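> Mind looking over this structure? Questions follow.
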Amino acid sequence: MSTKPFQIVLYGRPGCHLCDQVEQLLLLLQEEFPLELRLVNIEQDPALHERYMFVIPVVEIDGEEVFPSVTHVVTMEELRGELAKRAARKNGDA
């Protein structure tokens, strides 16, 4: 079964250990879900830096900002649950 991969964008900056942690979680989840991960350094875009400087890491899935780190950093369980929910929705639409 060929499933279109989730488009994941991780907004962060170099030297951010929380960003590195979420990146590693997403790389592990590639074994369970089809996903394409793109890393965006917010320091290279003034508008992104202004928007995200206090809430990185931020995870965007298929164009929707899902997990900004406002009160806590996203966990493996939260990421897995969100991707499973979206995969079920995609499979139901197929």
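> Answer yes or no as to whether LYS4 is touching a residue at least 12 places away in the same chain (Cβ under 8 Å) and open to solvent by 50 Å² or more (accessible area, probe 1.4 Å).
The answer is yes for LYS4.
> Assess whether GLU43 counts as being in contact with a Lys or Arg (Cβ under 6 Å, 6 or more places away or on another chain), more than 21 Å from ALA88 (Cα to Cα) and of a type in the set (D, E, K, R).
yes
> Across the range 67-94, which residue is nearest to the chain's Cα centre (by Cα) among those that are loosely packed, with under 15 Cβ neighbours inside 10 Å and outside any helix (DSSP H, G or I)?
Once the filter is applied, the top-ranked residue is THR75.
> Can you find, within the range 7-17, the residue that is nearest to GLY92 (Cα to Cα) among those that are out of contact with any strand residue (DSSP E or B) (no Cβ under 7 Å at 6 or more places or on another chain) and exposed (fewer than 14 other Cβ atoms within 10 Å of the Cβ)?
So, considering only residues that are out of contact with any strand residue (DSSP E or B) (no Cβ under 7 Å at 6 or more places or on another chain) and exposed (fewer than 14 other Cβ atoms within 10 Å of the Cβ), the one nearest to GLY92 (Cα to Cα) is HIS17.
> Any residue in the range 41-54 that is at pLDDT 95 or above, touching an Asp or Glu at 6+ places or on another chain (Cβ under 7 Å) and under 19 Å from HIS17 (Cα atoms)?
The answer is yes; a qualifying residue exists.
> Also, quick follow-up: Restricting the search to the range 7-53, which residues are small (Gly, Ala, Ser) and part of a helix (DSSP H, G or I)?
Of everything in the range 7-53, just one residue is small (Gly, Ala, Ser) and part of a helix (DSSP H, G or I), namely ALA47.
> I need the full set of residues from the range 18-58 which are surrounded by fewer than 17 Cβ atoms within 10 Å (Cβ to Cβ) and touching a Ser or Thr at 6+ places or on another chain (Cβ under 6 Å), in order please.
PRO34, VAL55
The values are calculated or read from the model by the stated rules, or taken from the named source; none is laboratory data. Everything numeric here is computed off the predicted structure, so don't read it as measured data. Cβ atoms come from the backbone with ideal geometry, glycine included; neighbour counts cover every protein chain shown. These area figures cover heavy atoms from the full protein model, side chains too; ligands, DNA and RNA do not enter into them. Shrake-Rupley method; radii C 1.70, N 1.55, O 1.52, S 1.80 Å.
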